[in-house]
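The values are calculated or read from the model by the stated rules, or taken from the named source; none is laboratory data. Everything numeric in this text was worked out from a predicted model, so none of it was measured. When we count neighbours, we look across all protein chains shown, and the Cβ atoms used for this are built from the backbone with ideal geometry, even at glycine. For accessibility, only protein heavy atoms count, side chains too; no ligands or nucleic acids. Shrake-Rupley method; radii C 1.70, N 1.55, O 1.52, S 1.80 Å.
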Amino acid sequence: MEKQNKYIYTLRQSLVGLNRFEWLLLGSILALTVIGFAMKGEITLNVAISAVAAILGVFCVVLGAKGAMANWIFGTVEAFLHIYICFCTHIYGDMLQRLVYNLPMQFVGWRKWSKRVRNDGTTTIHTRYMTWQRLITFAAVTIGTLTLGVFLTYFGPWFIDTLRTVFPDIEFKTLKTSYDMPMQMWLDSFTTVMSIITMYVSVKAYVEQWYMWLMINVAYIALWLMSDSEFSFMTVAKYSVYFINSFYGIYMWNKLSKD
């Protein structure tokens, strides 16, 4: 009961404390989400679940920029729904990443941030800056991107074809056997590696995570602008709003590190 009350209190304090700009960000992304699902036409159970997952993801992103503990609650529920969606649509690559890494990190993030909560009733945290960790992070992103890029270039098609012998319906959200142009492959490698590392940096409550999310969002926008997919417009629109939210996250987390 005590834990339940703690979670409910955290949710209530985070939502009550939203300011006009934060509601504007929420409204913008929610409007894009509604438009995106309206364009699909038929509303099925899975489409409805996808809409709920998208909305929860929006709250997670905005509350994360605010440094609010509740972002991990929204992120946990969204991760479960996203795993279900990926399973139903056979996007097993993204499903495994969420199941093995993103979902467990929600619980790790809650535990780590709990130790940094302010005593002012806002359920926000004290943030901090990297020192020597910046060099390690830069090296990890660089080496990881180069390694994944080389792997996709020489072994990507073989690896995915091998997986398909075991899982015939397997699909990947972004990582592919072929790209329209080489730059897409390197942007895809960068965003994949950077997202994994940035999640860890977020758990550690470092301000630098928002500069990293900013770069990720720019890379995603560039990646999808190069694509002629039917999903390109809505995806670019979504990451454009995330791009704006990154600046807000930089502002808020620098402020939270000083207060």
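Conditions first: (1) assigned to a helix (DSSP H, G or I); (2) open to solvent by 60 Å² or more (accessible area, probe 1.4 Å); (3) touching a residue at least 12 places away in the same chain (Cβ under 8 Å). H90 passes all but one, so which condition is the exception?
Against the list (1) assigned to a helix (DSSP H, G or I); (2) open to solvent by 60 Å² or more (accessible area, probe 1.4 Å); (3) touching a residue at least 12 places away in the same chain (Cβ under 8 Å), H90 comes up short only on (1).
Would you confirm whether or not segment 77-84 contains a residue that is under 24 Å from V241 (Cβ atoms) and either open to solvent by 60 Å² or more (accessible area, probe 1.4 Å) or aromatic (F, W, Y) (or both)?
Yes.
Residue-wise test of (1) assigned to a loop (DSSP other than H, G, I, E, B); (2) closer than 15 Å to V201 by Cα; (3) under 11 Å from the mean Cα position of the chain (by Cα).
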residue	(1), (2), (3)
G57	no, no, yes
I83	no, no, no
L99	no, no, no
N102	no, yes, yes
M105	no, yes, no
R111	no, yes, no
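Take the residues of segment 120-146 that are open to solvent by less than 30 Å² (accessible area, probe 1.4 Å), within 23 Å of N71 (Cβ to Cβ) and polar (S, T, N, Q): which is modelled with the lowest pLDDT?
Among those residues, the one meeting the criterion is T123.
Conditions tested, residue by residue: (1) at pLDDT 90 or above; (2) crowded, with 19+ Cβ neighbours inside 10 Å.
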residue: R12; (1), (2): no, no
residue: L18; (1), (2): no, no
residue: F21; (1), (2): no, no
residue: N46; (1), (2): no, no
residue: A53; (1), (2): no, yes
residue: V58; (1), (2): no, yes
residue: A65; (1), (2): yes, yes
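Does any residue in segment 138-164 that is more than 30 Å from Q209 (Cα to Cα) and assigned to a helix (DSSP H, G or I) come within less than 6 Å, Cβ to Cβ, of a residue that is open to solvent by less than 40 Å² (accessible area, probe 1.4 Å) and at pLDDT below 80 six or more places away or on a different chain, and which pairs are these?
L163/I170; R164/I170
Take segment 187-211 and flag every residue that is under 18 Å from G149 (Cβ atoms) and open to solvent by 10 Å² or more (accessible area, probe 1.4 Å).
Scanning segment 187-211 gives L187, F190, T192, V193, S195, I196, I197.
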